[in-house]
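Here's the structure, in structure tokens; my notes come after.
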Amino acid sequence: MDVILDRKIQMVDVQGQYQKIKKEVDKSISEVIDSAQFINGPKVKSFQSSLEKYLKVAHVIPCGNGTDALQIALMAAGLKAGDEVIVPSFTYVATAEVIALLNLKPVMVDVYEDSYNINVDLIKPFITEKTKAIVPVHLFGQSADMEVIMAFAKSHKLFVIEDNAQAIGADYTFESGKKQKVGTIGHIGCTSFYPSKNLGCYGDGGALFTNDDELAQRIRMIANHGQKKKYHHSVIGVNSRLDSIQAAVLEIKLKRLDKYAQARRTVADHYDKALASIEHLEIPVRNPFSSHVFHQYTLKVKNFHRNGLQEFLKSHGIPSMIYYPIPLYKQEAFSEFYSGKEHVVAEKLCEEVLSLPIHTEMDVEMMNFITDKITTYFK
Ligand SMILES: *Cc1c(COP(=O)(O)O)cnc(C)c1O
């Protein structure tokens with residue numbers, strides 16, 4: 001008996017989500033157009049302060065996109081050409097790209113097999129006198145082990161820039177029981193508002209977070225042509241701004257961010273329950289020190305079954321993605337940084353990971369359809 005689903009399954013459903021908030025979003029966008037304050041308008045300021053409150057952070061500095069946020073953070077950290085920056089080898093290219101772009105050296109470190117985040121125990125041998133910063137990535141919606149990373153960074157005098165493009169809204173819990181929003185623990189946190197991100201706008205957008213007043217000032221200046229006072233430029237900067245129209249969308253969606261995360265967790269719970277006992281599958285771990293906002297639900301498919309499963313799902317109209325197929329050091333663009341030594345875990349993950357559809361608009365029927373098909377494949 002073949003179950004038929006009369007709707008298209010997508011990795012994310014930005015359109016379906018929009019339909020539910022259309023009235024509010026359209027009104028908010030119209031207000032911007034009516035006011036014609038497209039750049040640095042009141043919507044940008046009010047979104048900024050709403051996000052500061054939500055994250056309980058002193059400063060949110062909006063910018064053009066997540067990649068810019070990372071670049072601006074590195075510039076604000078005052079690194080010099082040739083300085084070395086520690087990054088995980090299993091992440092999106094943007095994390096390391098901006099490092100190389102600034103003539104800094106990305107030094108790649110392998111990740112944990114279970115959480116896919118940077119393996120802190122492996123960092124030490126890579127530290128030289130040129131090592132100045134570390135960029136932990138909170139991959140797929142779950143925090144890297146920030147308490148351990150911050151302690152390590154402190155003892156080696158490293159600047160910490162969190163790449164929080166995938167985990168906005170997640171909470172990190174310290175040993176003491178204290179909770180803090182992911183992205184507000186390092187010296188600077190960076191995020192992306194790309195449409196498919198957990199807090200996505202309808203175009204490009206990004207932001208930096210910091211609790212340090214001086215750093216915040218420097219970040220603002222760098223993002224605005226290195227300008228301290230109009231037409232007075234103190235440092236070389238960039239032009240990176242969040243549009244007022246995007247801020248108008250984000251303001252509406254921020255109010256729902258926790259609800260959206262809950263909807264994603266409901267999908268993840270369903271997948272966990274249906275897939276945990278299937279041989280050859282490993283469901284994603286949830287570390288006790290972080291809540292998981294499931295930017296992706298990423299399985300490990302063992303014993304060379306991954307590509308076959310992906311093909312099978314595709315033939316039944318179920319999309320899935322491989323985030324990421326190649327470790328950073330094997331990307332052609334990074335060949336000059338490759339020592340020739342493969343990372344055991346990153347290599348294996350690239351062979352085994354498979355991300356299933358997960359978004360705020362999925363219903364039980366869709367989830368059942370997907371898990372039934374996966375179960376069938378392994379029968
Ligand atoms: C999306 C993403 C970025 C880049 O964000 P953009 O807004 O697309 O520039 C950086 N790092 C990670 C981990 C991402 O997922």
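The stretch between Glu214 and Lys124, if pulled fully straight at 0.36 nm per residue, gains 29.5 nm over its current Cα-Cα span.
The heavy atoms of Phe140 present about 10 square angstrom of accessible area, all protein chains included, probe 1.4 Å. Among the DSSP helices (H) of the chain, those spanning at least 24 angstrom by Cα along their long axis with an average Kyte-Doolittle hydropathy of -1.0 or more are 14-35, 257-275; this is a geometric and hydropathy rule only.
With viscosity 0.692 mPa s and temperature 37 °C, the Kirkwood radius over alpha carbon pairs of the chain converts through Stokes-Einstein to a diffusion coefficient of 152 µm²/s.
Across the protein chains, with a 1.4 Å probe defining accessible surface, the residues Thr67, Thr360 rank Thr67, Thr360 from largest area downward.
Which of rounded, prolate, oblate describes segment 162-250, given a ≥ b ≥ c as roots of the alpha-carbon gyration tensor eigenvalues and a/c under 1.5 marking rounded, otherwise prolate only if a/b is larger than b/c? Spell out each step's value before the answer.
Numbers: a/c = 3.06, a/b = 1.34, b/c = 2.28.
Note, shape of segment 162-250 comes out oblate.
What shape does segment 1-98 take by its C-alpha gyration tensor, where a ≥ b ≥ c are the square roots of the eigenvalues and a/c under 1.5 counts as rounded, a/b above b/c as prolate, and the rest as oblate? It is oblate, given that a/c is not under 1.5 and a/b is not larger than b/c.
Charging the Cβ of each Asp and Glu at -1 and of each Lys and Arg at +1, and nothing else, the dipole of segment 51-164 about its Cα centre rounds to 460 debye. Per-residue SASA remark: His59, around 40 Å² accessible (1.4 Å probe; ligands, DNA and RNA not included).
Of interest is the spacing of the C-alpha centroids, which for segment 320-353 and segment 1-68 amounts to 32 Å.
For the chain, modelled as a GNM with alpha-carbon contacts under 10 angstrom, which of Pro325, Pro288, Pro62 fluctuates the most? Residue with maximal mean-square fluctuation among Pro325, Pro288, Pro62: Pro288. What the phi angles of segment 158-163 give under the Karplus curve with 6.51, -1.76 and 1.60, with θ = phi - 60°, is a coupling list of 9, 7, 10, 10, 7, 8 Hz, glycine and proline written as x.
For segment 256-377, lysine pairs with C-alpha atoms less than 21 angstrom apart, excluding pairs fewer than eight positions apart on the same chain, total 13. For the chain, the solvent-accessible area of protein heavy atoms averages 46 Å² per residue (probe radius 1.4 Å; ligands and nucleic acids excluded). Report the gain in length on full extension from Gln37 to Lys154: 0.36 nm times residue separation, minus Cα-Cα distance, nm rounded to one decimal. Here the segment from Gln37 to Lys154 would lengthen by 37.8 nm. Here's how it looks for Tyr323: its modeled amide H is under 5 Å from those of Ser355, which are all 5 or more places away or on a different chain. Please tell me which of these pairs span more than 30 angstrom C-alpha to C-alpha: Lys45/Lys132; Lys181/Lys229; Lys80/Lys124; Lys8/Lys197; Lys45/Lys157? Over 30 Å apart, Cα to Cα: Lys45/Lys132; Lys181/Lys229; Lys45/Lys157. FRET efficiency for the Met11 to Ser335 pair, using the beta carbon distance and R₀ = 35 Å, is estimated at 0.70. Per-residue accessible area (protein heavy atoms, 1.4 Å probe) orders Thr371, Thr173 as Thr173, Thr371, starting from the largest. For the pair Asp26 and Ile326, the difference between a 0.36 nm per residue extended length and the Cα-Cα distance amounts to 104.0 nm.
The values are calculated or read from the model by the stated rules, or taken from the named source; none is laboratory data. Everything quoted here is computed from the prediction, not taken from an experiment. Using ideal geometry, Cβ is built from the backbone for each residue, glycine included, and neighbour counts are taken over all protein chains shown. Note: accessible area is taken over every heavy atom of the protein model, side chains too, but ligands, DNA and RNA are not part of it. Shrake-Rupley method; radii C 1.70, N 1.55, O 1.52, S 1.80 Å.
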